[in-house]
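No value in this document is a laboratory result; all are computed from the given coordinates. Computed from a predicted model, the values in this text were never measured in an experiment. Heads up, the Cβs are rebuilt from the backbone with ideal geometry, glycines too, and the neighbour counts pull from every protein chain shown.
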Amino acid sequence: SKKISQIKKHKAYCVARDIVRQIMLYQVDAVALEKLNWVENKGGKWDFSQQQEIIERKVLEKTSIQVIKVSPAYSSYSNPYLKDYLIDKKIEKGIAKGRIIKFKDFEIDRDFLASINIANRGLEKIKNKGKQKNSMVFSQK
């Protein structure tokens with residue numbers, strides 16, 4: 001219904017606004033987001049691409065912070081302490097036990113794991129584009 005759509009849009013705006021406040025508070029030089037173009041309007045409870053558009057627009061309006069989009073592929077189960085699959089093809093796949101991903105030496109929440117991998121990919125992308133002070137990652141899974 002129209003009311004539900006408006007509520008979702010308002011919630012997306014509020015979350016995006018809070019994320020932009022955190023970005024500005026920590027004075028980061030770059031933010032890595034998942035490329036979620038394929039998710040756009042596919043139904044479900046949350047419109048991630050709409051939220052990302054709001055984040056990007058607000059970040060670009062208020063700051064000179066770089067917004068970097070990276071592939072989310074394998075981010076929820078690849079070991080962040082090894083080289084990234086998308087960078088050099090080495091990967092250790094974790095085993096899912098509910099929301100926890102188990103590796104040989106440790107276990108971790110899958111969303112937190114994805115955030116770490118998204119951050120690593122974002123940092124890799126900007127590595128050659130100049131030095132940065134800080135980075136902050138927002139993964140919307």
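For this structure, a couple of remarks:
- Two-site label geometry, Tyr81 and Lys97: point separation in nm, points 7 Å out along Cα→Cβ: 1.7
- Distance between the pseudo-spin-label points of His10 and Lys62 (7 Å out from Cα toward the beta carbon): 2.0 nm.
- Cα→Cβ-extended label distance, 7 Å offset, between Lys125 and Ser1, nm: 3.9
- Estimated vicinal HN-Hα couplings, Hz - the range 121-126 in sequence order (Karplus 6.51, -1.76, 1.60; Gly, Pro = x): 5, x, 5, 4, 5, 9
- Judged by the mean number of other Cβ atoms found within 10 Å, the most tightly packed of the peptides 62-68, 51-57 leads the ranking 51-57, 62-68.
- Theoretical gain in end-to-end length, Lys104 to Asp18 [0.36 nm per residue, Cα-Cα removed]: 27.3 nm
- The amide H of Ile68, built 1.01 Å from its N in the peptide plane, has Val31, Ala32, Leu33 as neighbours under 5 Å, considering only residues 5 or more places off or on other chains.
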